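Step one of this worksheet: look at the structure below.
The values are calculated or read from the model by the stated rules, or taken from the named source; none is laboratory data. Predicted model only: the values in this text are computed from it and were never measured. Neighbour counts run over all protein chains shown; Cβ positions are idealised from the backbone, glycine included.
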Amino acid sequence: MNERELLITGDGSATIAIPDMQVTYHSRHGAIQESMHVFIEAGLRPLLHQHPVLRVFEMGFGTGLNALLTLQVAAQAQQRVQYGAVEAFPLEAGITNQLNYAAQLQRPDLQPVFEQLHGSEWNSLVAIDDVFTLQKFQTTLFSLPAIDPVHLIYYDAFAPNAQPELWTTEAFTLLYNLLLPGGILVTYCSKGNVRRAMQAAGFTVEKIPGPLGKREMVRAHRPPAK
């Protein structure tokens, strides 16, 4: 197991670094600002109130930040969300207990909710609150059991240089088939070979402005059914 270190990012929120892999779980410019920009503003908000139950899938549960922000927005909007996530290497409680997201959001009431996100049973559907259910799978993307198709994918794998197998046409074909027609995939990565792999899988790909410190990101669509 690679050693993991706590790191405070540019906006004051924490992330995790893995020095041996030269990766961090979030942008060093700001964990919360990156997640808000890439996943919430570009992915979640455009789909609010488009479906009675919005089904979201996250590749890489990681720190739980994307799930926490999604829960926060869902509660504010009274949008029911069924959230699935896959994570092959869950973080230990000794690390997640040091993550300061509830404090940085000025929402201390979210701390027990954040702990529940991490502490909930793997592979089981768990009701976190009145609008948000969570199902985490401790496995790899390629070993994910069959789940219901989703409206939105947060693709938050480590960068292609660290996990090249997760940025291939094979991976994106799996994700394309997981998305409902008209569904969206959002990711921070906009490398040319990644976009071409998405297109080869059938996605319509658009580059949009990225978060702080990154010029572009990608929002990919599965075309609506004809």
Output for segment 162-206, where each listed residue is touching a residue at least 60 places away in the same chain (Cβ under 8 Å) and assigned to a loop (DSSP other than H, G, I, E, B): 162, 188
Test result for residue 75, under 23 Å from residue 162 (Cβ atoms), among the small types (Gly, Ala, Ser) and either at pLDDT 95 or above or not in a loop (DSSP other than H, G, I, E, B) (or both): no
Residue among 44, 7 that is buried (at least 22 other Cβ atoms within 10 Å of the Cβ) and not hydroxyl-bearing (Ser, Thr, Tyr): 44
Yes/no for residue 68 being in a helix (DSSP H, G or I), touching a Phe, Trp or Tyr at 6+ places or on another chain (Cβ under 6 Å) and under 18 Å from residue 156 (Cβ atoms): yes
Residues (under 12 Å from residue 25 (Cβ atoms) and without any contact (Cβ under 8 Å) to a residue 40 or more places away in the chain) located in segment 78-107: 96
